[in-house]
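Following: one structure in structure tokens, then a few remarks.
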Amino acid sequence: MKKAFVCIHGFGEHPSGRGHGFSSALRGNVAGVLGEEPVWDEVLWDDLLESPPTDSLVDFVRRTPEIVRKFYRGRCGRPIRERVTEAVRAASEKAEGAPVVLVGHSFGGAIAYDVMARGMAPEAKALVMLAPPMGLFNHPEEFVRSAAGHGVAGALAALGLDRMASHAVGFPEVKGGRLADGIAALSIRSDRDWFAVSLAPEFHDVSEITVEPPRGTRGSANHRFYWRSLEVAEDVAAEAVSANIGAGAKPTTKRELDLQARAVDNSLFTPPKYGDGYVEMS
């Protein structure tokens, strides 16, 4: 069974650019881990909901609440969701009906979760969120606390952004526990990424693991490294193998067995039963 993925970008720039091909580094690493070329697609949404600039911390913090509200409460959300839905459907068709892994970075993770929670992408059976922001949306005061832990609280205070963040209005519609049974959901974040606040306890339907950025990674690069991380690629690939097994495929190589075991280790939930005919490879 083929492996299928659809990626959604977040705010700002990415290591491979902001247009088509933004996830090329992850694609290459996932293909290397799997030992095969996957079905791979991307969703661009900036033309429907302009994301705030990330080159200015002031503009980013000021504009983010406005952008988030436009997605959840305004008219911009529906066309974005529909674009994701169509991409997932097309990827599954290209993969001859294989389940799709939806991968979202930063705000793209919030979009992906929202689409799947609404049941709009039934072909997607696994969700991987890279540094999802929903914990920050629900608890904006954590932004200030996290920033303090990374030595930038003084800069925030000088700009008045600490008060702005700590008094920001939360988003009641940003809540977890809404994914259907049978959906594997994984959040991957770094403790050095001060935009990636933990999703717990609201998102009890999402497993969460932490990874370390490459040595020497500094500043906002701690929020972008996920696309190039081999460790992240292994976790993403593992979800595809696990989703295929859940759809009835049998592991045929030791590599797939190892990836399935990795997905189980990352998961809060019980792994699928293999049934008769399951053969371990030497």
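Each reported figure results from applying straightforward, stated rules to the coordinates on display, with no laboratory input. Keep in mind that this is a model prediction, so the values were computed, not measured. Backbone-built Cβ (ideal geometry, glycine too); neighbour counts: all protein chains shown.
Multiply the residue gap between THR217 and ARG78 by 0.36 nm, knock off their C-alpha separation, and tell me the result in nm, one decimal place. Additional length available on full extension: 46.4 nm.
For the peptides 131-138, 71-78, 99-106, the ranking by packing is 99-106, 131-138, 71-78, with the highest mean count of neighbouring Cβ atoms within 10 Å listed first. Using 0.36 nm per residue and subtracting the Cα-Cα separation, the extra length available between ALA261 and GLU231 on full extension is 9.3 nm.
Quick one: of LYS125/LYS254; LYS3/LYS94; LYS2/LYS175; LYS94/LYS125, which pairs are farther than 21 Å apart, Cα to Cα? The partial results should precede the final answer.
Values: LYS125/LYS254 23 Å; LYS3/LYS94 10 Å; LYS2/LYS175 32 Å; LYS94/LYS125 16 Å.
Result: LYS125/LYS254; LYS2/LYS175 exceed 21 Å.
Distance between the pseudo-spin-label points of GLU93 and ALA249 (7 Å out from Cα toward the beta carbon): 2.0 nm. Among HIS223, HIS20, HIS139, the order by Cβ neighbours within 10 angstrom, fewest to most, reads HIS20, HIS139, HIS223.
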